[in-house]
Structures are given as structure tokens and as C-alpha cells.
Amino acid sequence: MATNRTFTMIKPDGVENGHIGGILNMITEGGFRIVSMKLTQLTVADAQKFYAVHSARPFFGELVEFMTRGPIVAAILEKDNAVEDFRTLIGATNPADAAEGTIRKKYATSIGENAVHGSDSDENAAIESAFHFAGREQF
Ligand code: CMP
């Protein structure tokens, strides 16, 4: 059953490039309610665990290095059909393929440094949310 919640991160490139406000504006204009949010930084162990599904990929080391190099904004978002609608709002992984009006089209610079994360399933949204936020931090 759809939970209507998804998990997002504004990645280190989005934070470094000054796009926290712009990205949050697109998220709220897109109809998402912020359930939880914080500025935080992943350790190497955090990033290896969060991206364990990609551990055999050739870009894994680069991905962990990138995701730990500076702060991120972690957030839980709520909306009807949240996971799918948020994937539509962020656009394709590679900004060269991202549709007009998407967050990655506007703010991502490469397939690796693509500004924002969005959960790919309700199950992963719940796992990723619990990775970052205790129940009492979810409003
Ligand atoms: P995302 O889809 O949020 O989660 C997995 C991440 O791995 C992806 O964003 C990119 O940041 C990164 N990634 C995917 N493919 C590549 C690639 N070919 N080269 C470098 N990084 C990649």
C-alpha cells in the first residue's frame, strides 16, 4: 500500500552551489509537505550503507566520496503518490536527459553530481527515512 511519503537529500553539490532555497521552493511548489528536515553530513560508513545497493558499480567509490564531502539536507516529504511524483519532479538521473521543469534540469551538473536524491519505492522511502530520522522527528 502506498504510504504517500518519500525521502530526499539535497546532495553536497546542491548545498555547495547555494541551491537549498531554490530546491526547497520547487518541492513545496510541487505540493509536497515537509515532514522532517535537517542539515547533516554523511560519514563514509553512512554513505556506504545508504548506497549499498550500488556497491558493485564502478562509480561506487566516487559516489561515496562525493556524498561525504560536505553537508546535505535530508528530508521526509508527504503528498499523494509521493514516491512516483517526486521522481517525476526531480527528473532523470543524468541531467542531460532530465525534462524541462525538473529539479535536476535546473540544478544538476552531471550524472554523478545530480543535486538531489529521491527514494525509488515506498519500501526504500521507509528504510531511508528511518536511517536519518527518529519517529519523534517526523511531523
Ligand atoms: P541517485 O539515483 O540519487 O542514486 C545513485 C547515484 O549514483 C546517482 O544518483 C548518481 O549520483 C550516482 N551515479 C549513477 N550513475 C553514475 C555514473 N555513471 N557515474 C557516476 N555516478 C553515478
Exercise. For residues in segment 80-90 being open to solvent by 50 Å² or more (accessible area, probe 1.4 Å) and not β-branched (Val, Ile, Thr), which is farthest from the ligand (Cβ to nearest atom)?
Worked result: ASP80
For this session: Could you list all residues from segment 7-28 that are under 16 Å from ALA115 (Cβ atoms) and of a type outside the set (A, V, I, L, M, F, W, C)?
Result: THR8, LYS11, PRO12, ASP13, GLY14, GLU16, ASN17, GLY18, HIS19, GLY21, GLY22, ASN25
Exercise. Is it the case that segment 2-14 has a residue that's under 17 Å from HIS132 (Cβ atoms) and more than 16 Å from the chain's Cα centre (by Cα)?
Worked result: yes
Exercise. So how many residues does segment 91-139 have that are hydroxyl-bearing (Ser, Thr, Tyr), near the ligand (Cβ under 9 Å from one of its atoms) and open to solvent by 50 Å² or more (accessible area, probe 1.4 Å)?
Worked result: 1
For this session: Return a yes/no flag: does segment 39-53 have any residue that is in contact with a strand residue (DSSP E or B) (Cβ under 8 Å, 6 or more places away or on another chain), touching a residue at least 40 places away in the same chain (Cβ under 8 Å) and closer than 23 Å to ASP85 by Cα.
Result: no
For this session: Quick one: which helices (runs of 4 or more DSSP H) lie wholly within segment 42-139 and hold at least 1 residues that are among the acidic types (Asp, Glu)?
Result: 44-50, 60-67, 82-90, 122-132
For this session: Select from segment 114-139 the residues that are over 10 Å from the mean Cα position of the chain (by Cα) and at positive phi and list them in ascending order.
Result: none
Problem set entry | Positions within segment 69-79 being free of Cβ contacts under 8 Å to residues at least 60 places away in the same chain and within 13 Å of the ligand (Cβ to nearest atom), in sequence order | ARG69
Problem set entry | Of the criteria (1) within 16 Å of the ligand (Cβ to nearest atom); (2) open to solvent by less than 50 Å² (accessible area, probe 1.4 Å); (3) farther than 13 Å from ILE10 by Cβ, which one ARG57 fails | (2)
Exercise. Residues of segment 69-79 being open to solvent by less than 70 Å² (accessible area, probe 1.4 Å) and either under 18 Å from ALA125 (Cα atoms) or more than 14 Å from the chain's Cα centre (by Cα) (or both), which ones?
Worked result: GLY70, ILE72, VAL73, ALA74, ALA75, ILE76, LEU77, GLU78, LYS79
For this session: Scan segment 16-37 and report the pairs whose first residue is in contact (Cβ under 8 Å) with a residue 60 or more places away in the chain and open to solvent by 40 Å² or more (accessible area, probe 1.4 Å) and whose second residue is of a type outside the set (Val, Ile, Thr) and part of a helix (DSSP H, G or I), with Cβ atoms within less than 6 Å and a gap of 6+ or a chain change.
Result: HIS19/TYR107
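The values are calculated or read from the model by the stated rules, or taken from the named source; none is laboratory data. All figures in this text were calculated on a predicted structure; none of them were measured in a lab. Cβ coordinates were reconstructed from backbone atoms using ideal geometry, including for glycine residues, and neighbour counts include every protein chain displayed. Surface accessibility is based on the protein's heavy atoms, side chains included, excluding ligands, DNA and RNA. Shrake-Rupley method; radii C 1.70, N 1.55, O 1.52, S 1.80 Å.
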